[in-house]
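The values are calculated or read from the model by the stated rules, or taken from the named source; none is laboratory data. A quick note: this is a predicted structure, and the numbers were derived from the prediction, not measured. Counting neighbours? That spans all protein chains shown, and the Cβs are built from the backbone with ideal geometry, glycine included. For the accessible areas, the whole protein counts, side chains as well, though only heavy atoms, and no ligand, DNA or RNA atoms are used. Shrake-Rupley method; radii C 1.70, N 1.55, O 1.52, S 1.80 Å.
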Amino acid sequence: MNDTAAIRTSGLGKRYGSGWALRDCTLEIPRGSVTALVGPNGAGKTTLLHMVIGLVEPTDGTVEVFGRSPRRDAQDVLPRIAFVAQDHPLHRNLRIGEMLHYGRSLNPSWNQGLAVARIEQLGLSMKQKIGQLSGGQQSQVALTLALAKQPQLLLLDEPVASLDPLARREFLNAVMAAVADDGITVVLSSHIVAELERVCDRLITLAQGATQMDGSIAEIVASHRLLTGPRSDAASVARVHNVIRESHTERQTTLLVRANGHVHDSCWEQHEVDLEEIVLAYLGYQPGNGAAQAPALEEIAS
Amino acid sequence: MIEFHLDKSGVPTYLQLVQQVRQAIRLGILQPGDQLPTVKEVVTRLTINPNTVLHAYRQLDLEGLIEGKRGVGTFVSSDPAPPPPDDLKGLRSSLDRWVGRARAAGLDNEGIAALVAESVRPSSISKVA
Amino acid sequence: MTWVGWRLQRTETFIVVGILALLAALLVPTGIQMANAYHHDGLAACLATSPNPACANAIGGFRQRFQSLLDLGNWFNLVPGLIGVLLAAPFILDLEHGTYRLAWTQSITRKRWLLGKIGMPVGAALVAAAAMIVLFTWWRSSSIHLDGRLDSGNYDFTGTVVIGYTLFALALALALGAIWKRAAASIAVAFIAYFAARIFVDIKVRDHLVAPLKLIYKGSQHPSVLANAHIVSMHGDLNGRRVIGDGGFFFGSTKFAAPRLDNIVFHVVYHPQSHFWPLQLTETGLFVGLAVVLIAFAAWWTTARTA
C-alpha cells in the first residue's frame, strides 16, 4: 500500500477512565518532514505517540503508519518505525556492546556497522556500562539504537527535556544528520519551542487532548500577525481573520490573528510574530490581565 | 569554502543562507567553480533541517547562481553575471518607513541624503558580512 | 530474543545457581555422614532382614545422631519458594524500569517477547526443581528407608511436588509483578503468599487429595499395611466408648506394648505407602494448575492492559 503520508490519523482518541487523554485528533504527517509536537505536560503528546507506535490501543478513531495499522500489522510496521520514549529507557546494567546486541537480536533490519560507527563517533567504548553514562550520552545511545534499525519514521518523546544545552544541541544534530542521510520522517514532541524552529519544518500544537494547529512552520509564521492599535473591539477584524488572542489596555488593543489573506485595515499597525509567541497564544497564554494563565512553556520545561 | 551562520533577525533560515551566498559571491569569497558545502555539512554545522538547506540551494539554483553536479556536489556557476539585489521590495518598503521617521524627526531632503551617503561609505559595508 | 532473555536473566540465574550450590555444600557432607552411618552402623543390614521393631537399638542410635538435623531440613521447604520468586525478577524489573516499552518498540511482537520473558524463568525453575529433587532425595535416602516416603519430611522433597512449588512461587511473583510493576514488593509478597499457601495445603488439603483408606482392627497387633503409612486420623474404642483419640500413637519403628490395648478397637483413616505417587501427582497437578492460571493472568494483564 503506497501512501504519501507517513502518519495519518482520523478522529483518534484515547480515554483513560473518565477522562480523555486525546480526543478527535485528525492529522496527516507527510513523508520526509520533521514535525514538532508541542504542548504542555498532559496535553496528550505521549498518548498520541504511543498510539502511532502501537503501544496503546485507541478508544476512538484510527491511526495509520505508511497506510498500515501499527497494532494489527505490527510485524510489518514495527521494523519501519523507531521510538525513543521519554527518559530514553535502556538496560542500565548492560554494556553498550550488549545493548547493541540487544538491538541486533530484536530487529531484522539492524545495521551493526552503522551502530558501531555512531558509537565510535560519539567517543564511547563498547565496554562502558549504560548506567555509568551521562544523561546526554544515554540519550545518544538510545538514538543509536533507534537509527541502527534503519527506520523510515522516527518518533521522539521529549528527547531533550532532561538534557543540558550542549547535549540537546548534539542530540538534535544527530537527528538532523540522519534526516540528511536517509530522508527519514521525524516527529518529536517537546515543550520547549525555541529550538524547534531551526530543526522542524512542521508544527502541531496539542492542548488538553485537542489539536489546534497543524501546518508548516514557514506558513504559520507567515500567516500570523500581531495587530496593535487604539482601543477598539475586534469584531471588524474577526469578520475576516481568525483572532487567536486579544488583549486590551485603557487606550490600546492588541490582537494576534491568523490572517486570511492580507490585512487591509489601516488603523492597525502590523507586526510579525515569532513562532514561540504564536504557539503560546494557541496554548492559551494571556499576558497578565488577571485572568487564569496557562503557564509559559519554558517554565514547564524545568 | 563558505561558512554559514544564523542569526535571530527574524529572516527565515533558508533566506539567510541564500543571502549569505549572494553576498559571498558579490565579495569574491566564493568564486565561480568553488564548491559549496554539502547539505549534510551545513546540517551538521548549524543543526538545522536539511529541507531548509535544500530550499536555499534550490532558490540559488533558480537564480542561476549555483549549479548541482550529480554525484559530485554543488558549485558556484561559472556564469559571471552579478546576483540581483536581494529583497528589493522589502528594501523599498523599509526605506519608505525610515524616510517617514527621518522626516518626523525633522530632517529635510538634504539631511536625509547626507545620512545615506555616510552609511554607504566603504568602511561601513564590511559590517554586513 | 533468546540471547536477550538469557542476558537479562543472567544475574538471577547465577543467584539461583549460587543458592543451589550453597544447598549442596550444606547437604553433601551431612548426607555422606548419614549414608555412612546408615550402612556401616548396621541399619541397612538390620532392616533388610527383620522388620523395624527388631532394629530398635540401631534405629534409636541413628535417630539420636541425625533426627534433629533431618527435622531442621524441613526449613528447606522455603527454598523452592525463594528460587521461584527470584526467577520472576527480570520480568518485573522490565516493567518497573519501563524497558518493556523499549522491547515492544523494536521489531518483535509482544507475544514473542512474552514467550521469552516468561518461558525462560519457567525453564530455569524446572531445572532448579529437578536439581533440588535429586539433591534432597539423595540426602534423605536413609530417612526414606526408615520412615517411608509419606513421612512429611520426605514427602515434601522426594517426589514431584517440588516442581509444583517452584512454578507456583514463580507464577505468584509474575502475577503480582504484572500488576504492581514493583520488583521488591512483588517478590516479598509472593514469597509470603507461597509460604501461607504451603502451610494451608499441608494442613488442610493434602490428606484429601486422594481418598484415604479406612481400617478397623482390634488389639495391639498393628497391621503391616500401616507401617510407614500416613495417618490421617485414628481413634480407639473400648466397649463402644472412645478411649484413645488422635495423636496417641507412633506407628512404624516403635512398638507400643501394653496388654490393655488387646481389647481396644482401632479405627484408622490412612494413606498407605502405595498412595505416595497418586498424592504426589495430584498435589503437583494442583500447584502446577495454579501456576498456569497465574502465568496466563500475568501474560494477559501485561499485554492487554499495559502501555
What's the local net charge at C:M34, with K and R +1, D and E -1, over the other residues with C-beta under 9 Å away? +2
Largest-first ordering by accessible area, 1.4 Å probe, given options A:C267, C:C55: A:C267, C:C55
Dipole axis of chain C (+1 Lys, Arg; -1 Asp, Glu on Cβ), positive-most option in C:M132, C:A298, C:S143: C:A298
Hey, can you list the residues from the range B:42-68 whose accessible area shrinks by 10 Å² or more with all protein chains present, relative to the chain by itself (probe 1.4 Å, no ligands or nucleic acids)? B:V43, B:T44, B:L46, B:T47, B:I48, B:N49, B:P50, B:N51
Which whole-number value in Å² is the accessible area per residue of the protein assembly as shown, probe 1.4 Å? 48
With a cap of 14 neighbouring Cβ atoms within 10 Å, and only residues DSSP puts in a loop, list the trypsin sites (Lys or Arg not before Pro) found in the range A:33-82. A:R72
What residues have an amide H closer than 5 Å to that of C:V232, excluding those fewer than 5 places away on the same chain, when H is modeled at 1.01 Å from N in the peptide plane? C:V269, C:Y270, C:H271
Rounded to the nearest 10 Å², what accessible area does C:T30 have for a 1.4 Å probe in the complete protein model? 30
Protein accessible surface hidden between B and A, which excludes ligands and nucleic acids, total in Å², probe 1.4 Å: 1100
Rounded to the nearest 20 debye, what is the charge dipole size of the range C:1-151 about its Cα centre when +1 sits on each Lys and Arg Cβ and -1 on each Asp and Glu Cβ? 640
Placing unit charges on C-beta atoms (Lys and Arg positive, Asp and Glu negative, everything else neutral), compute the dipole magnitude of the protein assembly as shown about its Cα centre in debye, rounded to 20. 2300
In chain A, taking the dipole from +1 charges on Lys and Arg beta carbons and -1 charges on Asp and Glu beta carbons about the Cα centre, the listed residue (A:Q252, A:A222, A:G44) farthest towards the positive end is A:G44
Quickly estimate the mean residue ellipticity at 222 nm for chain C, helices only: each DSSP H run with n ≥ 4 gives -39500 (n - 2.57), and the total goes over all residues, rounded to 500. -20500 deg cm²/dmol
Lys and Arg at +1, Asp and Glu at -1: add these up for the other residues within a Cβ distance under 12 Å of A:N260 and post the number. +3
With all protein chains present and a 1.4 Å probe, how do A:D87, C:D262 order by accessible area, largest first? A:D87, C:D262
Along the charge dipole of the range A:1-129, Cβ charges K/R +1 and D/E -1, which of A:G19, A:L106, A:H91 sits furthest on the positive end? A:H91
Could you give the length gained by full extension between A:E195 and A:Q128, i.e. 0.36 nm per residue of separation minus their alpha carbon distance, to one decimal place? 21.1 nm
Taking 0.36 nm per residue of sequence separation and subtracting the Cα-Cα distance, how much length would be gained by fully extending the chain between C:T2 and C:F14, in nm to one decimal? 2.6 nm
Per the 1/(1 + (r/R0)^6) rule, R0 = 51 Å and r from the Cβ atoms of C:V292 and B:V11, FRET efficiency to 0.05 is 0.15
Per-residue ³J(HN,Hα) for the range C:174-190, Karplus 6.51 cos²θ - 1.76 cosθ + 1.60, θ = phi - 60°, Hz, x for Gly and Pro: 4, 5, 5, x, 4, 7, 7, 6, 10, 5, 4, 5, 4, 5, 5, 5, 4
Express the carbon and sulfur contribution to the solvent-accessible surface of the range A:59-111 as a percent, rounded to the nearest whole number, probe 1.4 angstrom. 38
Residues of the range A:197-223 with amide nitrogen under 16 Å from the 7 Å Cα-to-Cβ point of A:R239? none
Tell me the net charge near C:T109. Cut-off is 13 Å between Cβ atoms, C:T109 excluded, with +1 for each Lys or Arg and -1 for each Asp or Glu. +4
Roughly how big is the C-A contact, given as buried accessible area in Å² (both sides, 1.4 Å probe, nearest 100)? 2200
Taking the Cα centre of the range A:62-148 as origin, work out the dipole magnitude from +1 charges on Lys and Arg Cβ and -1 charges on Asp and Glu Cβ, in debye rounded to 20. 180
Could you tell me the relative contact order of the range A:1-111? Use alpha-carbon pairs under 8 Å, at least six residues apart, and round to a whole percent. 26
Can you run phi through the Karplus equation (6.51, -1.76, 1.60; θ = phi - 60°) for the range B:98-114 and list ³J(HN,Hα) in whole Hz, with x for Gly and Pro? 5, 4, x, 5, 4, 5, 4, 7, x, 7, 9, 3, 4, x, 4, 4, 5
Rounded to the nearest 10 Å², what accessible area does C:H222 show when all protein chains are kept and the probe is 1.4 Å? 60
Nearby aspartates and glutamates by direct alpha-carbon distance to B:K69 (threshold 19 angstrom, same-chain neighbours under 8 apart not counted): A:D181, B:D34, B:E41, B:D61, B:D79
Inter-site label distance for C:V28 and A:L166 at 7 Å from Cα along Cβ, in nm: 5.5
Can you give me the % of accessible surface on the range C:93-156 that is carbon or sulfur? Probe 1.4 Å, all protein chains present, nothing else counted. 65
Using only alpha carbon pairs under 8 Å that are at least six residues apart, calculate the relative contact order of chain A and give it in whole percent. 19
With a 32 Å threshold on alpha-carbon distance, the violating pairs from A:K127/A:K149; A:K129/C:K117; A:K14/B:K8; A:K149/B:K8; B:K40/C:K181; A:K45/A:K127 are A:K14/B:K8; A:K149/B:K8; B:K40/C:K181; A:K45/A:K127
For A:R31 and A:R258 in the same chain, what is the full-extension length gain: residue separation times 0.36 nm, less their Cα-Cα distance, in nm? 79.1 nm
Which of the residues in the range A:86-118 lose at least 20 Å² of accessible area when you go from the chain alone to all protein chains together (probe 1.4 Å)? A:P89, A:H91, A:N93, A:L94, A:E98, A:H101, A:Y102, A:S105, A:L106, A:N107
A correct Karplus calculation of ³J(HN,Hα) over the range C:58-64, with 6.51 cos²θ - 1.76 cosθ + 1.60, θ = phi - 60°, whole Hz and x for Gly and Pro, returns 4, 5, x, x, 4, 5, 4
Find the relative contact order for the range C:138-236 and round it to a whole percent, using C-alpha pairs within less than 8 Å whose residues are 6+ positions apart. 31
So how do A:I53, C:I108 rank on accessible area, 1.4 Å probe, biggest first, that is with the largest at the start? C:I108, A:I53
